[in-house]
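The values are calculated or read from the model by the stated rules, or taken from the named source; none is laboratory data. Since this is a predicted model, take the numbers as computed values, not measurements. Note that each Cβ is placed from the backbone with ideal geometry, even for glycine, and that neighbours are counted across all protein chains shown.
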Amino acid sequence: MSELHSAESPEPHSSSLIPPSRGYPAPSLILPRTIARRIAGLVTARGDAELCRRAIGLLALQLEDVVLEAGCGAGVCIQQAAEIAALGKVCGIEPSEELLVAARARNADAIRDGYVELQQGLASRLPWPDATFNKALAVNSPCDWPQPVATLSEMLRVMRSGALLALVVQPPWRTPRDGVRDLAELWAHRVAEAGFHDVRFGILSVGRGSAAAITGTA
């Protein structure tokens, strides 16, 4: 990331941190990706590959890590994570049946060998027990979360104490850098509000555009 900033939990009702004067859409209008992901999931998967690599890099995955991806789409990040955490386990959850079929096909060997598990469902209602994972990520899927703080709190529930979280969200490529920074700050405050600590945010250069990156510790 080009910059790292710490974030504290915001005051109540302070989630609207993106000022309209900067020409960036309100949070509720950012990337209606649910429709796009269902119609063009495999195209989206190709575009998300670099974002996945960057998110996984933020987590510094190790061979025996137990990893969660919230909103795994067509399984690109799952595949990349499983190549690293080959002695651990990589789990993903995805609401779209169409994308889950693609994710299972992409990761069929790892699923058969038992170190990848993919389930259909919502990130706000995770099927795993408390304190299961020591790494967790979400790439662009946070744009689909109707209740971001509640979803992040649910992710926190299934993470072990000291586990690492990484979020990467890429706005439209013409978004000005100030808008990307505002998006990163918005999500950093949400992560802190959900109960994570040592929350940091910054900007990643990805292709012709930029992406917001946020990390936190459970």
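Listing for the model above:
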| item | result |
| --- | --- |
| Test: residue in the stretch 126-138 that is farther than 19 Å from residue 62 by Cα, touching a Gly at 6+ places or on another chain (Cβ under 9 Å) and crowded, with 18+ Cβ neighbours inside 10 Å | no |
| Within the stretch 140-192, considering residues that are among the aromatic types (Phe, Trp, Tyr) and more than 19 Å from residue 50 (Cα to Cα), the one surrounded by the most Cβ atoms within 10 Å (Cβ to Cβ) | 187 |
| Single match in 204, 126, 122 (criterion: closer than 15 Å to residue 66 by Cβ and not β-branched (Val, Ile, Thr)) | 126 |
| Considering residues of the stretch 106-132 that are of a type in the set (Gly, Ala, Ser) and closer than 19 Å to residue 159 by Cβ only, the residue nearest to the chain's Cα centre (by Cα) | 123 |
| Hey, residue 166 of a type in the set (A, V, I, L, M, F, W, C) and in a strand (DSSP E or B) or not | yes |
| Pairs with Cβ under 7 Å, 6+ apart, first in the stretch 159-174 and more than 18 Å from residue 65 (Cβ to Cβ), second among the basic types (Lys, Arg) | 173/208 |
| Top-ranked residue of the stretch 83-102 - restricted to ones that are aliphatic (A, V, I, L, M) and either modelled with pLDDT under 95 or closer than 20 Å to residue 61 by Cα (or both), ranked as surrounded by the fewest Cβ atoms within 10 Å (Cβ to Cβ) | 87 |
| Lone unmet requirement of (1) in a helix (DSSP H, G or I); (2) more than 27 Å from residue 89 (Cα to Cα) for residue 210 | (1) |
| Residue match in the stretch 7-17 (condition: of a type in the set (A, V, I, L, M), closer than 21 Å to residue 213 by Cβ, buried (at least 22 other Cβ atoms within 10 Å of the Cβ) and modelled with pLDDT under 95) | yes |
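Residue by residue, here is whether (1) at pLDDT below 95; (2) farther than 18 Å from residue 218 by Cβ holds:
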site	(1), (2)
117	no, yes
123	no, no
132	no, no
149	no, no
156	no, no
163	no, no
172	yes, yes
189	no, no
